[in-house]
1. Between Rg and the Kirkwood Rh of the chain, both from Cα atoms, what is the Rg to Rh ratio?
2. Return 92, 67 ranked ascending by Cβ neighbour count within 10 Å, so the fewest neighbours appear first.
3. Return the calculated 222 nm mean residue ellipticity for the chain, to the nearest 500 deg cm²/dmol, obtained by summing -39500 (n - 2.57) across DSSP H runs with n ≥ 4 and dividing by the residue count.
4. Segment 24-164: D in µm²/s via Stokes-Einstein (Kirkwood Rh, Cα pairs, 4 °C, 1.567 mPa s)?
5. Within the P(r) computed for segment 107-213, what percentage of the Cα pairs occupies the region above 21 Å?
6. Show me the ranking of peptides 150-156, 240-246 by mean Cβ neighbours inside 10 Å, starting with the highest.
7. Roughly speaking, what is the stretch gain from residue 21 to residue 121, that is 0.36 nm per residue apart minus the C-alpha to C-alpha distance, in nm to one decimal?
8. Rounded to the nearest 0.05, what FRET efficiency do residue 211 and residue 179 give with R0 = 22 Å and r taken as the Cβ-Cβ distance? Could you check?
Amino acid sequence: MKFVLIGYGKMGKTIEQLILNQNPTDEIVLKITDQNLHELTVENLQKADVAIEFTTPQSAVGNILKCFDAGVPVVVGTTAWLDKLDEVKAQCAAKNGTLFHSPNFSIGVNIFWAVNQKLAQLMNTQPQYEVTMEEIHHTEKLDAPSGTAVKTAEVILPHLNRKKNWQLADDSKNLHLYTTQSLLIVAKREPNVPGTHTVKYESPVDYIELKHEAKNRNGFAEGAILAARWLPGKKGVFEMKDLLGI
């Protein structure tokens, strides 16, 4: 397969190494950085079978639309652009394009979401349990809460009637100051830490905790590559649940 990497930071470099390790005959035909944005053209994109996009929320939508123009399937790992998702879906349909997006490509995280959905269903009839979330990321992480944390909340909320929305909380020691109708998310940023997401249900007598901790970037990169290899030949908008069947 031939790949375009739109974004060549730490994640892009990890993806490149894994692709070439998996199959030395695969080829990275284009790597886009801040230094060669002029090379992100329809003509250059059409040299590839699929594009993988890890950039910034400000540039993601434009990159996606350019892939649609080129008729090239695109896998998007950038987060914090989903306020434009309806617009992007409309463009995808209009241009018969192909988009695979996820706030987190880790297979473990996607299983974590599926388990959280089931636990929320069970806890809906157990109001003595208060649910909160905590996420920890490295200090270079720009969005807070992370896309993974927001997605986790969106998985839980439809199944827990006593929570109406999620809310970013400033300090885990002062959660009692917030409304009980909100699912509170504490977002921490610390140097040199793995991404960690914890959902906790606590009652006066016990607590249940679900936790996912990433060891490194490889899990995210492997999931993005898996999606990229799965995508060619398909049309429409897809997520990890479509690939994994969960």
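1. Working: Rg = 19.2 Å, Rh = 19.1 Å.
Answer for the chain: 1.00.
2. Numbers: 92 21, 67 29.
If I rank by nearby Cβ atoms, fewest first, I get 92, 67.
3. On the way: 8 runs with 86 residues, N = 246.
Result for the chain: -10500 deg cm²/dmol, rounded to the nearest 500.
4. Working: Rh = 17.4 Å.
It comes out at roughly 75 µm²/s.
5. Details: 1699 of 5671 pairs.
Above the 21 Å cut-off, segment 107-213 has 30 percent of its Cα pairs.
6. Numbers: 150-156: 21.1, 240-246: 14.6.
Averaged packing, sorted descending, gives the order 150-156, 240-246.
7. On the way: separation 100, 0.36 × 100 = 36.00 nm, distance 4.12 nm.
Taking 0.36 nm per residue and subtracting the Cα distance, the gain is 31.9 nm.
8. Details: r = 25 Å, r/R0 = 1.14.
The formula returns an efficiency of 0.30 here.
No lab work stands behind these numbers, since they all come straight from the coordinates. As the structure is a computational prediction, the values presented were derived from the model and not from experiment. Every residue, glycine among them, receives a Cβ derived from its backbone with ideal geometry; neighbour counts consider all protein chains shown.
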